[in-house]
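These notes are about the structure you will find just below.
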Amino acid sequence: MLRFFATLVTLLAMAQCIDAAEPVRERIEWADYWVTDAEKDDLPRVLFIGDSIVKGYFSAAEKQLAGKVRCARLATSKCVADPLFLDEVRLLLKQYRFDVIHFNNGLHGWGYSEDQYRDGLQNFLAALPKEAGDAKIVWATSTPMRASSDLGKFHEKNQRVVARNRLAAEVMKQLGLPTNDLYGLVEPHPDWHSKDGVHFNDRGKTAQGAAVADSVLKQLRHAATSGKRDDVNDQ
């Protein structure tokens, strides 16, 4: 009986692993890689990981960081629960050294449950130090989804955005990782959204870019005082 119970537990664990490793695909899968000044290594380098939201504020953040930090981005439709998400990140981490990784994930992969999302986030962050060395990690909350018919109202799916942000907050607290609260930044400003209720107009992009740049510089100042970098110019 004991052997049967042990075998049953093993099989259940295997089944859970198989389920977790089965990717959930969207109708269109995409990824966008961008590395500015890829041939230079004279300044700290930051990697922004996210989705189309990061593509939106990237230019604004890069302008804020000009002369201080080299910027790169990975924008992807993959959810952190996707077993191949880490492979997409590895493609950049194998080629470049990053001092800061500013990371968000949460507005794609609605076919994954919130439990799968949380587990995927934990697994990714557990694997990241081996891939990224001593890079400082900053988590960014997912931004609100509003109703395209009335930007003053939230989309019904925003409840899941809030739930995922709450789960992520618990994970970051456990790991002691800092959070850049982009949800809190833009939530009082429906006028910053574009007409689709998901993306942002120039005001929203500029505000996020400034907050993101601020967060990156804060981490670099901390690293500089720790003696890891001495080339951060925050004048």
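Only Lys, Arg, Asp and Glu carry charge here, each on its Cβ (+1 for the first two, -1 for the last two); on that basis the chain has a dipole of about 220 debye about its Cα centre. Helix 114-132 against the longest principal axis of the chain: what's the angle in degrees, Cα atoms only, rounded to the nearest 10? Approximately 60 degrees, to the nearest ten.
What shape does the range 31-221 take by its C-alpha gyration tensor, where a ≥ b ≥ c are the square roots of the eigenvalues and a/c under 1.5 counts as rounded, a/b above b/c as prolate, and the rest as oblate?
Details: a/c = 1.76, a/b = 1.22, b/c = 1.44.
Cα axes put the range 31-221 in the oblate bin.
A simple count of charges around K94, restricted to other residues whose Cβ falls under 15 Å of its Cβ and scoring Lys, Arg +1 and Asp, Glu -1, yields +1.
Specify whether the C-alpha gyration tensor of the range 112-213 places it in the rounded, prolate or oblate class, a ≥ b ≥ c being the square roots of the eigenvalues: rounded for a/c under 1.5, otherwise prolate if a/b is larger than b/c and oblate if not. Cα axes put the range 112-213 in the oblate bin.
With everything on Cα atoms, drop me the angle between helix 2-20 and the longest principal axis of the chain, reported from 0 to 90° to the nearest 10. In the chain, helix 2-20 runs at an angle near 40 degrees to the longest axis. When each of the peptides 216-223, 160-167, 174-181 is scored by how many other beta carbons lie within 10 Å of its residues on average, the order from highest to lowest is 216-223, 160-167, 174-181.
In the chain, helices alone account for a calculated mean residue ellipticity at 222 nm of -15000 deg cm²/dmol, with every DSSP H run of four or more residues adding -39,500 (n - 2.57).
Accessible area of K153 (1.4 Å probe, protein heavy atoms only, ligands and nucleic acids ignored): about 120 Å².
Amide H contacts under 5 Å for R70: R45, V46, restricted to partners 5 or more places along the chain or on a different chain, H placed in the peptide plane at 1.01 Å from N. Based on the convex hull around the alpha carbon atoms, the range 19-115 presents an average projected area of 6.6 nm².
Relative to the longest principal axis of the Cα atoms of the chain, the long axis of helix 158-175 lies at roughly 90 degrees.
Leaving out ligands, DNA and RNA, and with a 1.4 Å probe, what % of the accessible surface on the range 31-221 is carbon or sulfur? That share works out to 49 percent. Look at the alpha carbon pairs under 8 Å that are at least 6 residues apart: their mean separation over the length of the chain gives a relative contact order of 22 percent.
Annotation: extensible slack from H222 through A169 equals 16.9 nm (criterion: 0.36 nm per residue apart, minus Cα-Cα distance). Of all lysines in the structure, the ones whose alpha carbon falls short of 19 Å from that of K63, not counting any fewer than 8 places away in one chain, are K40, K55, K205, K218.
For the range 102-148, what does the alpha-carbon gyration tensor say about shape, rounded, prolate or oblate, given a ≥ b ≥ c as the root eigenvalues, a/c under 1.5 as rounded, and a/b over b/c as prolate? Oblate, since a/c reaches 1.5 and b/c is not below a/b.
The values are calculated or read from the model by the stated rules, or taken from the named source; none is laboratory data. Nothing here was measured: the structure is a model prediction, and the numbers come from that model. Cβ: placed from backbone, ideal geometry, glycine included. Neighbour counts: every protein chain shown. The protein model used for the area step is the full one, side chains on, heavy atoms only, and it has no ligands, DNA or RNA in it. Shrake-Rupley method; radii C 1.70, N 1.55, O 1.52, S 1.80 Å.
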